[in-house]
Amino acid sequence: MKLSRTVSYALQATLQLAEAESDNPVPCSRLAAEGKMPERFLLQILRNLVAHGVLESTRGVDGGYTLRQSPAEISLLNIIEAVDGPMVSSLPVAEGLHEKSRRKLEELLDQVNDEARTRLAAIRLSDLTCGHRATADAARDPMSFR
């Protein structure tokens, strides 16, 4: 499975926020600098993550971005679909492929897509963090799940 650069940057930024030492908003400029990502491109990505409920943004001098939920509640699928849109299987029209074979192939690709979505939904941001912050958040919230 190949992840787009957009997804890679979104994942990197959300992991930075999950591992942040405080609950204070982190400015886009800091996320971009620390993650070696282009700031203007990252800003577009962060806006998509806000629009899809993954992040919250705060305006002003002390503004920036924070996770809307704990890292244990945000799945890899949430992040992927927030920036790349819904994961769907698609099969270009294959010349010379019999209709029955094409339908069977589409059915199998749909099953693969469903399995991928299920697995990506099971991977939580907290599973990917190296720092203590996400683990501490999960420990404080007995209703969080993995």
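The values are calculated or read from the model by the stated rules, or taken from the named source; none is laboratory data. This structure is a prediction, so every number in the text was calculated from the model and none was measured. Cβ: placed from backbone, ideal geometry, glycine included. Neighbour counts: every protein chain shown.
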Q. Within the range 128-143, is even one residue hydrophobic (A, V, I, L, M, F, W, C), under 26 Å from R47 (Cβ atoms) and modelled with pLDDT under 70?
A. yes
Q: Test S22 against the criterion of being surrounded by fewer than 19 Cβ atoms within 10 Å (Cβ to Cβ), assigned to a strand (DSSP E or B) and not β-branched (V, I, T), and give yes or no.
A: no
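Say whether the condition of being at negative phi and in contact (Cβ under 8 Å) with a residue 40 or more places away in the chain is met by at least one residue in the range 40-57.
So far as the range 40-57 goes, yes, one or more of its residues are at negative phi and in contact (Cβ under 8 Å) with a residue 40 or more places away in the chain.
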Q.
For the range 45-57, give me each residue that is surrounded by 14 or more Cβ atoms within 10 Å (Cβ to Cβ) and over 11 Å from the mean Cα position of the chain (by Cα).
A. R47, V50, E56, S57
Q. Are there any pairs, at least 6 apart or on different chains, whose C-beta atoms fall under 6 Å, with the first in the range 1-17 and closer than 24 Å to L109 by Cα and without any contact (Cβ under 8 Å) to a residue 24 or more places away in the chain and the second surrounded by 14 or more Cβ atoms within 10 Å (Cβ to Cβ) and among the hydroxyl-bearing types (S, T, Y), and if so, which?
A. none
Q. Has the range 2-17 got at least one residue that is closer than 22 Å to R124 by Cβ, surrounded by fewer than 16 Cβ atoms within 10 Å (Cβ to Cβ) and modelled with pLDDT of 95 or more?
A. yes
Q.
Suppose we filter the range 62-117 for residues that are of a type in the set (D, E, K, R), closer than 18 Å to Q16 by Cα and not in a helix (DSSP H, G or I); how many remain?
A. 2
**Q.** Looking only at the range 72-101, and only at residues there that are modelled with pLDDT under 95 and in contact with a Leu (Cβ under 7 Å, 6 or more places away or on another chain), the one that is surrounded by the most Cβ atoms within 10 Å (Cβ to Cβ)
**A.** S89
